[in-house]
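The values are calculated or read from the model by the stated rules, or taken from the named source; none is laboratory data. Please read these numbers as outputs of a predicted model, since none were measured by experiment. In this analysis, Cβ positions are derived from the backbone assuming ideal geometry, glycine residues included, and neighbour counts consider all displayed protein chains.
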Amino acid sequence: MRLSVIQMNCGSDKTANIAQAQRLIEGAVTSDRPDLVSLPEMWSCMGGPRDGKFAQAEDLPPPGSNEPGGAAYEFMRSTAREKRIFVHGGSIAEKGGERLFNTTVVFNPEGTEIGRYRKIHLFDIVTPDGKGYKESNTYASGAAEMVTCKVGDVSVGLAICYDMRFPEMFLALRRAGAELIFLPSAFTLQTGKDHWEVLLRARAIETQCWVAAPAMCGPHQEGNGETRFTYGHSLVADPWGHVVAKVSDGIGWATARVDPAVTARVRRDMPVLEHRKLA
């Protein structure tokens, strides 16, 4: 299976963000012919004021239904159907009452939604440069449930950004059958330069899963006018922890071949799940 991770630089204009995603997916499909494309975290609306985030958020139709969704949802569904590919939708803002959800959706080549995950761990921290992030001011946590779906013959686990720092979640996804774990992100520049690649490779090594991490890159404007920077460096790591595809600086994509034989060999030769003594 060929997998393309898409790297974007988005702002708060959903229409412009959808146009950018369309250009990048068209380029990846034409150039690399992937079976599956994956978008970054919050690609449909990045930054801007709180009320703008609520305005751009979407009501999602019931999973697997033919009911219409919002502009970002329908773009992903139609892309999957028209290109005859699986689309992992990174994440978009889902309406949820007083707060939003940071939500992943996955579509098969028929345009049917086959997976949905709401981000569990919220980014409420202060980075080394003193900038504060309070994701819980706008977003609610999803239920603490592991979500997997089948992409062809590969079992895929779903996670988002800050989830990366909680290895027990990745172990739970492995135990749920995951062979490939997605981690769409908008990782901060401050934390990304020190932690991004090492944590992704660690999660791949620990779980013996492929890890695919499409990311947001570059600057965006917050609602107070402050400019903040995301790290980018989208990548795919194999179950041995090797980075097998990586996007350079700026928008673009990278493509890797996910080989189940590699997964099987790594797990056979080092059966760490069978050796595990602690929960």
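Observations on the structure shown:
- Output for region 20-49, where each listed residue is out of contact with any Asp or Glu (no Cβ under 9 Å at 6 or more places or on another chain) and among the small types (Gly, Ala, Ser): 21, 27, 28, 31, 38
- Residue that is farthest from residue 182 (Cα to Cα) [pool: residues in region 98-134 that are basic (Lys, Arg) and at pLDDT 95 or above]: 99
- Only one of 254, 245, 237 that is free of Cβ contacts under 8 Å to residues at least 60 places away in the same chain, farther than 20 Å from residue 44 by Cβ and not aromatic (Phe, Trp, Tyr): 237
- Residues located in region 174-203, provided they are part of a helix (DSSP H, G or I) and in contact with a helix residue (DSSP H, G or I) (Cβ under 9 Å, 6 or more places away or on another chain): 174, 175, 195, 196, 199, 200, 202, 203
- Subset of region 118-146 [under 18 Å from the mean Cα position of the chain (by Cα) and in contact (Cβ under 8 Å) with a residue 40 or more places away in the chain]: 119, 120, 121, 122, 139, 140, 142
- Complete set of residues in region 228-279 that are of a type in the set (Gly, Ala, Ser), loosely packed, with under 12 Cβ neighbours inside 10 Å and either part of a helix (DSSP H, G or I) or in contact with a Ser or Thr (Cβ under 6 Å, 6 or more places away or on another chain) (or both): 261
- Among residues of region 122-173, those that are part of a loop (DSSP other than H, G, I, E, B), surrounded by fewer than 16 Cβ atoms within 10 Å (Cβ to Cβ) and of a type in the set (A, V, I, L, M, F, W, C), counted: 3
- Members of region 95-117 found to be within 28 Å of residue 225 (Cα to Cα), under 15 Å from the mean Cα position of the chain (by Cα) and of a type outside the set (Phe, Trp, Tyr), listed by number: 102, 103, 104
- Evaluation of residue 225 against (1) of a type outside the set (Lys, Arg); (2) assigned to a helix (DSSP H, G or I); (3) without any contact (Cβ under 8 Å) to a residue 24 or more places away in the chain; (4) farther than 17 Å from residue 247 by Cα (one fails), failing number: (2)
- None of 34, 61 is crowded, with 18+ Cβ neighbours inside 10 Å, at negative phi and not aliphatic (A, V, I, L, M) except 34.
- Condition check for residue 249: modelled with pLDDT of 95 or more and more than 21 Å from residue 182 (Cβ to Cβ): no
- Note on region 147-157: residues that are without any contact (Cβ under 8 Å) to a residue 60 or more places away in the chain and closer than 21 Å to residue 186 by Cα amount to 2.
- Number of the condition not met by residue 70 [criteria: (1) over 17 Å from the mean Cα position of the chain (by Cα); (2) farther than 27 Å from residue 162 by Cβ; (3) in contact (Cβ under 8 Å) with a residue 12 or more places away in the chain]: (2)
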